[in-house]
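*Asks:* This structure is in structure tokens; I'll ask about it shortly.
The values are calculated or read from the model by the stated rules, or taken from the named source; none is laboratory data. These numbers come from a predicted model, not from an experiment. Here Cβ is always computed from backbone atoms with ideal geometry, including for glycine, and neighbour counts include all displayed protein chains.
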Amino acid sequence: MSKEKQRREALVYHAKPQPGKIKIVPTKPYSTQRDLALAYSPGVAEPCLEIAKNKDNAYKYTSKGNLVAIISNGTAVLGLGNIGPEASKPVMEGKGLLFKIFADIDGIDIEVDTEDVDKFIETVKMIAPTFGGINLEDIKAPEAFEIERRLKEELDIPVMHDDQHGTAIISAAALLNALEIAEKKIEEVRIVISGAGAAAVSCTKLYKAFGAKAENIVMLDSKGVIRKDAENLSAAKKEFATDRKIDTLDEAMVDADVFIGLSIANIVSPEMLKSMAPNPIVFAMANPDPEIAYDLAIDTRKDIIMATGRSDHPNQVNNVLGFPFIFRGALDVRATAINEAMKMAAVKALAELTKQPVPEQVNIAYGETRLTFGREYIIPKPFDQRLIHEVPPAVAKAAMDSGVAKAPISDWDKYKEELMLRSGNDNKVVRLLHGRARSNAKKIVFAEADHLDVLKAAQIVHEEGIAEPILLGRKDIILELKKELEFDADIAIIDPMSDEFDERHVRYATKYWESRKRSGVTFYSAKIKMRERNYFGAMMVLEGDADGMVSGYSRAYPTVVKPILEVIGRASGVKKVATVNIMITERGPLFLADTSINIEPNAEELADIAQMTANVASTFGFDPVLAMLSYANFGSSTHPNATKVREAVRILHETAPNLVVDGEIQTDFALNKELHESKFPFSKLAGRKVNTLIFPNLESSNITYKLLKELNGADSIGPIMVGLRKAVHIMQLGASVDEIVNMAAVAVIDAQEREKRKKAKGSK
């Protein structure tokens, strides 16, 4: 992607469909006059009076306890420098987005128009009653140190400058684990710190808190090694100045055990790495380009333990592992500060989490067979859902133990359960989907690539590394659209109507005719069908010229299904092909079936659909909990529409006893865990969170998923075809670009799974 195109896309993303990345939504009913009277006058007077009696009641009656101010003056924004408060706003809004999706915290950005330290501090102090915590962001050093220090002293709510402490906490966890793997002690290792800004200073202080010795640390700024005999050193630099008579990074790296890079790209040479001690630990965290490229580093030293700030290499030092969960724990006990004990607790929790067995969902997300503690896994992955129930409790407990918690937690099991409920409110599934697809991209046919939205999607999957697209359609139109989109990559374009591919047409037609000649298909008609993109694309997949296919954007679903079923056909042992939609809801992902194919399935077919849907949920890393839906509950109706669902449940209980499934049951009882448990304690679903819904017919399923999508704003992934011999998926008519991209990722993952199963069979 060209820089200019990337620029335009970024600008459109931030501007459309409405400017910015965050908004405020009501949390209380407001439909009636009574609601409004309670929300505002006269009802609002009552909580006001309660807070006037005791200001701590603000936590009880307002959003203060879950509200964090993200405050900057724009003096040190990313790598852009001092660009001013207004220009920093997109970054601060982005931080608010991360707070919400990772820890369900409401982050409100505030940009302060002053570089005067006293004025900045005074402004923050005056607005502090609004918030439960303060996240300082992108403030230049050394002012950032004083601002944070004074605000921590003068406010009774948590204050943290993430630029300082976020990187420190994550890298400290990684360092502790790396030292354990290298069999070295933190008290003994020689550490080189390249950089002397806010993050470098905070990292060094935290390493010292864990036992690193000052005499073993060398820090460098842009001028070289910071020495005690240098003139005009700031107070911050004096603390980390060395007695050693060295001046350069080359000299500092000789026999060093640890290198911490918080500076600029490409300043570490292979020769420097070679001069380090055995089993060197190198954290090259400059972004986007590290102090030494990852591949170059591991090629230079086979014994290296390497981390960077990048997501495309192992051991990403990513602040999102820290700040959402640290603030979550601090807010939940109403901590008056974020102190050293709480930061150290976060470090230990992250370090310990890395050593625990990794859930299958995380392995799936990152395309790994099994992530295990070792040189390439020294800190958790950002999408590890365990973070929210491991780090906040550790932080909260440290706050209590250190005496800064005003609302201590007594029931830790209940607290962890509440944290898990907070983790289902975002689009993790989509990020997991794309991440897993990228781990082993496959060749995917885009059967309608001469449509603008389809080609846009193909461009995205190519540029993001999700898939290797093959473009089917009118070549002249595709080339024209590619030019319009600035899609200049060399991608295979095939026009099934062209004579250019005569040999392939004949080969595909012959294969198709041989499989269908006893179903009324002539060789002539087979050749005609190979001029149709869905037949041609399906044959590409069948013959192994592609790994998967997506289609359906411009045609009604049944007209696309027909050629796919004729060419690809059902997998061995499958009686009925079906479809599953994954709905991304506030309660987490819901797997719905059958959404597109089977109009009125019988009991046996419903049981098969349920089993295949459970397999889809498992493929995406979720333990399936299935509700077989009906208008009736557990025998309350004898109508055939209810009894067929009951029979399907009986079949499943008999043939798949380990599957968590029950019914027939109404939707509200299925989704409301407490209601379900109180009325039907005998059910296999009692006390469980249902994540898979099997509908009794196509009408109910299709209507439901489209209602959720349009009225509730739920994102949809699907329909995912299940039961076919190959990875072919048909989207809904008029699917959006994002939906097409997601379907392509599904096709890639489907192909990956088939490849795994084939290899597993071959190894037996």
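*Asks:* If I ask for residues that are among the aromatic types (Phe, Trp, Tyr) and either buried (at least 23 other Cβ atoms within 10 Å of the Cβ) or at pLDDT 90 or above (or both), which ones from region 550-561 would you list?
*Replies:* Within region 550-561, TYR553 is the sole residue that qualifies.
*Asks:* For region 459-484, how many residues are outside any helix (DSSP H, G or I) and surrounded by 14 or more Cβ atoms within 10 Å (Cβ to Cβ)?
*Replies:* 10
*Asks:* Given the conditions (1) in a helix (DSSP H, G or I); (2) in contact with a helix residue (DSSP H, G or I) (Cβ under 9 Å, 6 or more places away or on another chain), report the number of the one that VAL690 does not fulfil.
*Replies:* (1)
*Asks:* One residue is enough: does region 340-349 have a residue meeting the conditions assigned to a loop (DSSP other than H, G, I, E, B), of a type outside the set (S, T, N, Q), crowded, with 24+ Cβ neighbours inside 10 Å and outside the structural domain of ALA256 (by TED's automatic domain parsing)?
*Replies:* For region 340-349, residues assigned to a loop (DSSP other than H, G, I, E, B), of a type outside the set (S, T, N, Q), crowded, with 24+ Cβ neighbours inside 10 Å and outside the structural domain of ALA256 (by TED's automatic domain parsing): absent.
*Asks:* Just name the residue that is surrounded by the most Cβ atoms within 10 Å (Cβ to Cβ) out of those in region 650-662 that are assigned to a loop (DSSP other than H, G, I, E, B) and touching a residue at least 12 places away in the same chain (Cβ under 8 Å).
*Replies:* LEU659
*Asks:* Return the residues of region 567-581 that are in a loop (DSSP other than H, G, I, E, B) and either surrounded by 20 or more Cβ atoms within 10 Å (Cβ to Cβ) or among the hydroxyl-bearing types (Ser, Thr, Tyr) (or both); say none if nothing qualifies.
*Replies:* ILE568, SER572, VAL577
*Asks:* Also: Is it the case that region 739-751 has a residue that's under 30 Å from PRO469 (Cβ atoms) and modelled with pLDDT under 90?
*Replies:* No, every residue in region 739-751 fails to be under 30 Å from PRO469 (Cβ atoms) and modelled with pLDDT under 90.
*Asks:* Within the group ILE564, ILE528, which residue is surrounded by 23 or more Cβ atoms within 10 Å (Cβ to Cβ), aliphatic (A, V, I, L, M) and outside any loop (DSSP other than H, G, I, E, B)?
*Replies:* The match here is ILE564.
*Asks:* State the number of residues belonging to region 278-324 that are under 30 Å from VAL395 (Cα atoms) and assigned to a helix (DSSP H, G or I).
*Replies:* Number satisfying all stated conditions: 5.
Residues checked against (1) assigned by TED's automatic domain parsing to the domain that holds VAL506; (2) within 25 Å of ASN702 (Cα to Cα); (3) acidic (Asp, Glu):
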{"position": "MET530", "(1), (2), (3)": "yes, no, no"}
{"position": "ARG533", "(1), (2), (3)": "yes, no, no"}
{"position": "ASP545", "(1), (2), (3)": "yes, no, yes"}
{"position": "MET549", "(1), (2), (3)": "yes, yes, no"}
{"position": "VAL561", "(1), (2), (3)": "yes, yes, no"}
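*Asks:* Out of PHE259, PHE240, I need the residue that is in contact with a helix residue (DSSP H, G or I) (Cβ under 8 Å, 6 or more places away or on another chain), farther than 20 Å from GLY309 by Cα and either modelled with pLDDT under 95 or among the hydrophobic types (A, V, I, L, M, F, W, C) (or both). Which one?
*Replies:* Only one candidate qualifies: PHE240.
*Asks:* Looking at (1) more than 19 Å from ASN177 (Cα to Cα); (2) among the hydrophobic types (A, V, I, L, M, F, W, C); (3) modelled with pLDDT under 95, which is the only condition LEU321 fails?
*Replies:* Of (1) more than 19 Å from ASN177 (Cα to Cα); (2) among the hydrophobic types (A, V, I, L, M, F, W, C); (3) modelled with pLDDT under 95, only one is false for LEU321: (1).
*Asks:* For LYS355, are the conditions met, namely being farther than 21 Å from VAL320 by Cβ, surrounded by fewer than 23 Cβ atoms within 10 Å (Cβ to Cβ) and of a type in the set (Lys, Arg)?
*Replies:* Judged against the criteria, LYS355 is not a match.
*Asks:* If only one of GLU647, GLU677 is modelled with pLDDT of 95 or more, out of contact with any His (no Cβ under 8 Å at 6 or more places or on another chain), assigned by TED's automatic domain parsing to the domain that holds ILE597 and assigned to a helix (DSSP H, G or I), which one is it?
*Replies:* The match here is GLU647.
*Asks:* Looking only at region 249-260, decide whether some residue is farther than 18 Å from GLU215 by Cα, surrounded by fewer than 24 Cβ atoms within 10 Å (Cβ to Cβ) and in contact (Cβ under 8 Å) with a residue 40 or more places away in the chain.
*Replies:* No: region 249-260 contains no residue that is farther than 18 Å from GLU215 by Cα, surrounded by fewer than 24 Cβ atoms within 10 Å (Cβ to Cβ) and in contact (Cβ under 8 Å) with a residue 40 or more places away in the chain.
*Asks:* Scanning region 132-179 for residues that are under 20 Å from LEU97 (Cβ atoms) and polar (S, T, N, Q), which turns out surrounded by the most Cβ atoms within 10 Å (Cβ to Cβ)?
*Replies:* My answer is ASN135.
*Asks:* So the check is Cβ under 9 Å with 6+ separation or different chains; which pairs have a first residue in region 1-30 that's of a type in the set (Phe, Trp, Tyr) and a second one that's part of a loop (DSSP other than H, G, I, E, B)?
*Replies:* Taking only residues 6 or more apart or on different chains, the pairs are TYR13/LYS21.
*Asks:* What is the number of the single condition among (1) on the phi < 0 side of the Ramachandran plot; (2) modelled with pLDDT of 90 or more that GLY723 does not meet?
*Replies:* Among (1) on the phi < 0 side of the Ramachandran plot; (2) modelled with pLDDT of 90 or more, GLY723 violates only (1).
*Asks:* Tell me which of these SER636 doesn't satisfy, since it passes every other one: (1) surrounded by fewer than 16 Cβ atoms within 10 Å (Cβ to Cβ); (2) in contact (Cβ under 8 Å) with a residue 12 or more places away in the chain.
*Replies:* Here SER636 meets the rest and fails (2).
*Asks:* Please work out which one of (1) at pLDDT 90 or above; (2) assigned to a loop (DSSP other than H, G, I, E, B); (3) crowded, with 19+ Cβ neighbours inside 10 Å is the condition LYS684 fails and give its number.
*Replies:* With respect to (1) at pLDDT 90 or above; (2) assigned to a loop (DSSP other than H, G, I, E, B); (3) crowded, with 19+ Cβ neighbours inside 10 Å, LYS684 is out only on (3).
*Asks:* Mind checking whether some residue in region 103-113 is part of a helix (DSSP H, G or I), within 25 Å of the chain's Cα centre (by Cα) and crowded, with 16+ Cβ neighbours inside 10 Å?
*Replies:* Yes, the conditions are met somewhere in region 103-113.
*Asks:* Right, next: If you go through region 693-711, how many residues are over 15 Å from ILE582 (Cβ atoms), within 27 Å of the chain's Cα centre (by Cα) and not in a helix (DSSP H, G or I)?
*Replies:* Total meeting the criteria: 0.
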